[in-house]
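*Asks:* I'd like to ask some things about the structure below.
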Amino acid sequence: MIELEGLTKRYGDKMAVNNLTCTVRPGIVTGFLGPNGAGKSTTMRMILGLDRPTAGDVRIDGKHYDQLKDPLTYIGALLEAKAWHPGRSAHNHLLCLAQSNGIPNSRVREVLDAVGLTAVAKKKTKGFSMMGMGQRLGIAGALLGDPRILMFDEPVNGLDPEGIHWIRNLMKSLAAQGRTVFVSSHLMSEMALTADHLVVIGQGRLLADTSMPEFIARNSRAYVRIRTPQRERLLDVLQQAGITAVQNGNGTLEVEGGKAEQIGELAARHQVVLHELSPQQASLEEAFMQLTAESVEYHAHAEAPPQERAQAQQQQWGADWRRS
Ligand code: ADP
Ligand code: MG
């Protein structure tokens, strides 16, 4: 479990992380979502004690990072910066890491196997392609201490589809083993496929802390897309049935809600030709963009206490989205 309480980091007059309170729980994948510059990496560095909070607190299973004995056995992390010596092999890199962290040497073989690097383990890492192999080595390092908590900062950046698929499955299986998995991304589409729970931040502030199904239910907008060579005729028919259609720039019509069958039957009854009648789901990416774009407005709540402010933000966000 990772607990953030009023976690704040200021660089000069830049608030990188602003009063973040949330709990990252075991047994599920928690997605840490926010646009570039939202404060994800800064938060993760503070969790690992690599950056000192300006205010607030962060605890790993109830302790601060520097209170953990052999920290790699509690929490393993893949951060953005590549932290290995290019002249060293993957095997030697992991061996050094194991020996300086009280981890048995036998773990090195196991994690190399787990990330699929066994075949190249004795090669110098400077020959590693930036994509894929470097990430796999970083993940091997995170897994080395067999920790109960794992944290990955934008792990799929720059990976090929096979690598992305592999990382997704790895995260899910780590969570299924009861571990705490905290993974950041700036891509909603990626999170939708991986995360069970979402913590969304924008400009350092908490915007949402919700289960993935709840996020989807709250944000998915169903509509029907229609193409017809008899647009005016169809608009009349729909209007008579009390159905409002919106015309799009690309020549299609859009009707809110899931009324495809009703529209199809009306069209058939009035002999209107349809070239397309397709139920659509607005993308979660749109919901995410909307949510984070509005984060600027939340400065209005700056005077409220942190807990109330977070709730106000979430309610505000829900209301905004329901209205739109
Ligand atoms: P994310 O990982 O979500 O993209 P970051 O945590 O890297 O966001 O950055 C959050 C904000 O803090 C950004 O505006 C970034 O420019 C700023 N920032 C991050 N690290 C530093 C630093 N060492 N010095 C000054 N500003 C920083
Ligand atoms: Mg980052």
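*Asks:* Got a sec? Which of Lys9, Lys69 is part of a loop (DSSP other than H, G, I, E, B) and of a type in the set (Lys, Arg)?
*Replies:* Details: Lys9 fails: part of a loop (DSSP other than H, G, I, E, B).
It is Lys69.
*Asks:* Taking the residues in region 45-56 that are more than 14 Å from Arg10 (Cα to Cα) and either within 16 Å of ligand 2 (Cβ to nearest atom) or at pLDDT 95 or above (or both) as candidates, determine which candidate is farthest from the chain's Cα centre (by Cα).
*Replies:* Residues of region 45-56 more than 14 Å from Arg10 (Cα to Cα): 47-50.
From what's left, either within 16 Å of ligand 2 (Cβ to nearest atom) or at pLDDT 95 or above (or both): 47-48, 50.
On the way: Ile47: 17, Leu48: 19, Leu50: 22 Å.
In this case the residue turns out to be Leu50.
*Asks:* Take Thr228 and tell me if it is β-branched (Val, Ile, Thr), farther than 24 Å from Asn36 by Cα and either within 16 Å of ligand 1 (Cβ to nearest atom) or touching a strand residue (DSSP E or B) at 6+ places or on another chain (Cβ under 8 Å) (or both).
*Replies:* Values: β-branched (Val, Ile, Thr): yes; farther than 24 Å from Asn36 by Cα: yes; either within 16 Å of ligand 1 (Cβ to nearest atom) or touching a strand residue (DSSP E or B) at 6+ places or on another chain (Cβ under 8 Å) (or both): yes.
Here the answer is yes, as Thr228 does meet what is asked.
*Asks:* While we're on this one: Restricting attention to region 9-60, which residues are hydroxyl-bearing (Ser, Thr, Tyr) and under 15 Å from Asp153 (Cα atoms)?
*Replies:* Going through region 9-60, the residues hydroxyl-bearing (Ser, Thr, Tyr) turn out to be 11, 21, 23, 30, 41-43, 54.
Once the filter is applied, which keeps residues that are hydroxyl-bearing (Ser, Thr, Tyr) and under 15 Å from Asp153 (Cα atoms), region 9-60 yields Thr30, Ser41, Thr42, Thr43.
*Asks:* Somewhere in region 73-80, is a residue within 16 Å of ligand 2 (Cβ to nearest atom), farther than 22 Å from Gly132 by Cα and crowded, with 16+ Cβ neighbours inside 10 Å?
*Replies:* Keep residues of region 73-80 that are within 16 Å of ligand 2 (Cβ to nearest atom), which gives 77-80.
Within this subset, residues satisfying the condition of being farther than 22 Å from Gly132 by Cα are none.
Scanning region 73-80 turns up no residue that is within 16 Å of ligand 2 (Cβ to nearest atom), farther than 22 Å from Gly132 by Cα and crowded, with 16+ Cβ neighbours inside 10 Å.
For every residue, the table says whether it meets (1) of a type in the set (Val, Ile, Thr); (2) surrounded by 22 or more Cβ atoms within 10 Å (Cβ to Cβ); (3) more than 16 Å from ligand 2 (Cβ to nearest atom).
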{"residue": "Ile2", "(1), (2), (3)": "yes, no, yes"}
{"residue": "Leu20", "(1), (2), (3)": "no, yes, no"}
{"residue": "Pro26", "(1), (2), (3)": "no, no, yes"}
{"residue": "Gly37", "(1), (2), (3)": "no, no, no"}
{"residue": "Lys40", "(1), (2), (3)": "no, yes, no"}
{"residue": "Thr43", "(1), (2), (3)": "yes, yes, no"}
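*Asks:* Among the listed residues Gly27, Gly31, Gly49, which satisfies the condition of being touching a residue at least 60 places away in the same chain (Cβ under 8 Å) and assigned to a loop (DSSP other than H, G, I, E, B)? I'd like the intermediate steps shown before the answer.
*Replies:* Working: Gly31 fails: assigned to a loop (DSSP other than H, G, I, E, B); Gly49 fails: touching a residue at least 60 places away in the same chain (Cβ under 8 Å).
Exactly one residue qualifies, and that residue is Gly27.
*Asks:* Now a separate question. Name the residue that is surrounded by the fewest Cβ atoms within 10 Å (Cβ to Cβ), counting only residues in region 253-285 that are in contact (Cβ under 8 Å) with a residue 40 or more places away in the chain and in a helix (DSSP H, G or I).
*Replies:* As a first pass, look at region 253-285 and keep what is in contact (Cβ under 8 Å) with a residue 40 or more places away in the chain: 272-285.
Right, trim to in a helix (DSSP H, G or I) and you get 284-285.
Working: Leu284: 19, Glu285: 14.
It comes out as Glu285.
*Asks:* State all residues of region 133-157 that are farther than 13 Å from Leu78 by Cβ and surrounded by fewer than 18 Cβ atoms within 10 Å (Cβ to Cβ); if no residue qualifies, say none.
*Replies:* Within region 133-157, Asp146 is the sole residue that qualifies.
The values are calculated or read from the model by the stated rules, or taken from the named source; none is laboratory data. Treat the numbers as computed from the prediction; the structure is a model and nothing was measured. Every residue, glycine among them, receives a Cβ derived from its backbone with ideal geometry; neighbour counts consider all protein chains shown.
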